[in-house]
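Comments concern the structure below.
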Protein chains: 2
Amino acid sequence: MVQDSPATRARILAAAVEEFSAHGLAGARIDRIAEAAVANKSSIYVYFGNKEKLFAAAMDRVIGDLSDAVPLTEHDLPNYAGRMFDYVVDHPEALRMSMWRHLERPSAGPVVTELYERKLEAMASEAHPSGLPPMDLLVLVVGLSGAWLTSSRDLLAAEGGDPYSAERLATHRAAMVEAARRVVDGV
Amino acid sequence: MVQDSPATRARILAAAVEEFSAHGLAGARIDRIAEAAVANKSSIYVYFGNKEKLFAAAMDRVIGDLSDAVPLTEHDLPNYAGRMFDYVVDHPEALRMSMWRHLERPSAGPVVTELYERKLEAMASEAHPSGLPPMDLLVLVVGLSGAWLTSSRDLLAAEGGDPYSAERLATHRAAMVEAARRVVDGV
DNA sequence: GGAAGGTAACTAACTAGTTGGTAATATCAA
DNA sequence: TTGATATTACCAACTAGTTAGTTACCTTCC
């Protein structure tokens, strides 16, 4: 086993993302993370301090990657919703982590309030046909983008077939982007 | 302490709903539930079997109450969204429990696939101006109804003020119902 | 030889679930 | 009604296993 500190740290963080995404903060097990990372448990404490801080680091990583990959295009919200949908389909851990954050540690993860403030200002300054307050508009569009992937399996099962097949997801994506367009453009 | 088996059971279930809603299945503590219910820990095992089954019972209760209180009016989805919003504002545990279910035990809670099937059929048989598939429409409207209450505090904080004040919630409710109307009615 | 990276074994605290026993209530014969 | 007995509700203390976090020691490489 070659010693390589940055690589070990990276393996731990990757394993932590997977474990926390699957089980949340309370359900995650440090031993499982160490095993999956092929690292010793104590390395986790050397690199990240404790479970809580490791959770925060995993959250920073996942949410940071998400906001880098899906920039908020405030003047084209329907396509923002579409890109957000594509990203969380490809990276389910992003959606799960943000749900864990909401339920377990609302304060974890990067603070991007300032960014949002600028985006909302930009939205407010232009004349929107929507007629809805910028914040409400943004929240609703984000809500649309995650609707399918956060729906209960019970509801999705009512249609028959696999709700997560590529074809079904493509159909929903189109419907969702169209819905966002209607919300944004008004009637 | 007067002995009253149904009352003890009810106290345990109520305490379980609160504990699971706050901490989820993995984070909940049986001892805390017993203490909050003013009952002995072993009563929990007498009445509910084990932690998992108690979680399922709490889920049944919360989701059952929700679907009783907010009947799915498939021919008036915007107001369905509005009533759903009102309910989860008044009963935050309903939203939190359904999130915990999604993350921790997707199979917990009542199975209502059959009900949804009938509702979707009813939607399909009528000519909708929406042009969107019934399932997508329903999922998107439900997504809209929960958007504000599942948004990150970070985003909501960008506006300044309390995002959960009665006034702010009323404003959002109106915007959300209007958005649902636009999605349902098409352009 | 010494600093940095890594490890196995350990510990103290916690947690789901159990047990052996007590008190209250119901049943019923006299 | 009464007193013995069975049943139900309840409880304090315990157990076996788990878990986050620590420590003392080893290995690698400059």
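Each Lys and Arg contributes +1 and each Asp and Glu -1, all at the Cβ; summed about the Cα centre of the protein assembly as shown, the dipole is approximately 1120 debye. Need one number: nm distance between label points at B:GLU117 and B:ASP90, each 7 Å from Cα along Cα→Cβ, rounded to one decimal. Each label point is offset 7 Å from its Cα along the Cβ direction, giving 3.2 nm.
Contact residues in region A:124-150 (at least 20 Å² less accessible area with all protein chains than alone, 1.4 Å probe): A:LEU132, A:PRO133, A:MET135, A:ASP136, A:VAL139, A:LEU140, A:GLY143, A:LEU144, A:ALA147, A:TRP148. In this structure, A:TYR164 and B:ASP4 have a Cβ-Cβ separation that, at R0 = 45 Å, corresponds to a calculated FRET efficiency of about 0.40. Overall shape of the protein assembly as shown was characterised from the C-alpha gyration tensor. The equivalent ellipsoid obtained from it has semi-axes of 34, 30, 20 Å, in decreasing order.
Placing a label point 7 Å from Cα along the Cα-to-Cβ direction at A:ARG153 gives distances to the equivalent points in the other copies of 3.1 nm, listed shortest first.
Ignoring ligands, DNA and RNA and using a 1.4 Å probe, state the total buried accessible area between B and A in Å², rounded to the nearest 100. Buried area between the two chains comes out at roughly 4700 Å². Counting only protein heavy atoms and a probe of 1.4 Å, the accessible surface of the protein assembly as shown is 53% carbon and sulfur. Principal semi-axes of the equivalent ellipsoid, √(5λ) from the alpha carbon gyration tensor of chain B, are 35, 21, 13 Å from largest down.
When the charge dipole of chain A is built from unit charges on Cβ atoms (+1 for Lys and Arg, -1 for Asp and Glu) and taken about the Cα centre, the candidate among A:TYR116, A:ALA174, A:SER5 whose Cα reaches farthest toward its positive end is A:SER5.
Using Cβ point charges alone (K and R +1, D and E -1), the dipole size of region B:48-113 about the Cα centre works out to roughly 340 debye. In the Gaussian network model of chain B, springs joining C-alpha atoms below 10 Å, which of B:MET176, B:MET84, B:MET135 carries the largest mean-square fluctuation? Comparing B:MET176, B:MET84, B:MET135 in a Gaussian network model of chain B, the most mobile one is B:MET135.
A dipole drawn for chain A from +1 and -1 charges on Cβ atoms has a positive end, and of A:ALA81, A:LEU25, A:LEU103 the residue lying farthest that way is A:LEU25.
Farthest toward the positive end of the dipole of region B:5-185, out of B:ALA69, B:PRO92, B:LEU144, is the Cα of B:PRO92, where the dipole comes from beta carbon charges about the Cα centre. Using a Gaussian network model of chain B whose springs link C-alpha atoms within less than 10 Å, name the residue from B:ALA58, B:ALA34, B:ALA81 with the highest mean-square fluctuation. Result: B:ALA34 has the largest fluctuation of those listed.
Taking the protein assembly as shown as the region of interest, the number of lysine pairs whose Cα atoms are within less than 26 Å, with members eight or more places apart or on different chains, is 5. Each copy carries A:GLU52; placing its label point 7 Å along the C-beta direction from Cα gives inter-copy distances of 3.1 nm, listed from smallest up.
In order along region B:46-57, the Karplus-derived 3J(HN,Hα) couplings, from 6.51 cos²θ - 1.76 cosθ + 1.60 at θ = phi - 60°, round to 5, 7, 10, x, 7, 4, 4, 5, 5, 4, 4, 5 Hz, and Gly and Pro are given as x. Put a dot 7 Å past the Cα of B:ALA36, heading toward its Cβ, do the same for A:HIS75, and the two dots end up 4.9 nm apart. Springs between Cα atoms under 10 Å define the GNM used for chain B, and in it the highest mean-square fluctuation of B:VAL17, B:VAL70, B:VAL38 occurs at B:VAL38.
Across region B:170-184, rounded Karplus estimates of 3J(HN,Hα) from the backbone phi angles (6.51 cos²θ - 1.76 cosθ + 1.60, θ = phi - 60°) give 5, 4, 5, 4, 4, 4, 5, 5, 4, 4, 4, 4, 5, 5, 6 Hz, Gly and Pro being marked x.
Taking the helices alone, the protein assembly as shown has a mean residue ellipticity at 222 nm of -24000 deg cm²/dmol, built from -39,500 (n - 2.57) per DSSP H run of at least 4 residues and averaged over all its residues. For B:GLU167, the label point sits 7 Å beyond Cα toward Cβ; its separations from the matching points on the remaining copies run 5.3 nm, from shortest to longest.
Look at the alpha carbon pairs under 8 Å that are at least 6 residues apart: their mean separation over the length of region A:5-185 gives a relative contact order of 24 percent. Principal axis extents of the Cα atoms in region A:86-187, from largest to smallest and rounded to whole angstrom, are 45, 38, 20. Could you give log10 I(q)/I(0) at q = 0.14, 0.19, 0.22 Å⁻¹ for region B:1-107, computed by the Debye formula over C-alpha point scatterers of equal weight, without solvent? Rounded to two decimals, the profile gives -0.58, -0.92, -1.12. Applied to region A:144-161, the Karplus parametrisation 6.51 cos²θ - 1.76 cosθ + 1.60 on θ = phi - 60° returns per-residue 3J(HN,Hα) values of 4, 5, x, 4, 4, 7, 10, 5, 5, 4, 4, 5, 5, 6, 5, 8, x, x Hz, with x for Gly and Pro.
The values are calculated or read from the model by the stated rules, or taken from the named source; none is laboratory data. Keep in mind that this is a model prediction, so the values were computed, not measured. Every residue, glycine among them, receives a Cβ derived from its backbone with ideal geometry; neighbour counts consider all protein chains shown. Ligands, DNA and RNA are stripped out before the accessible areas are found, and what is left, the full protein with its side chains, is counted by its heavy atoms. Shrake-Rupley method; radii C 1.70, N 1.55, O 1.52, S 1.80 Å.
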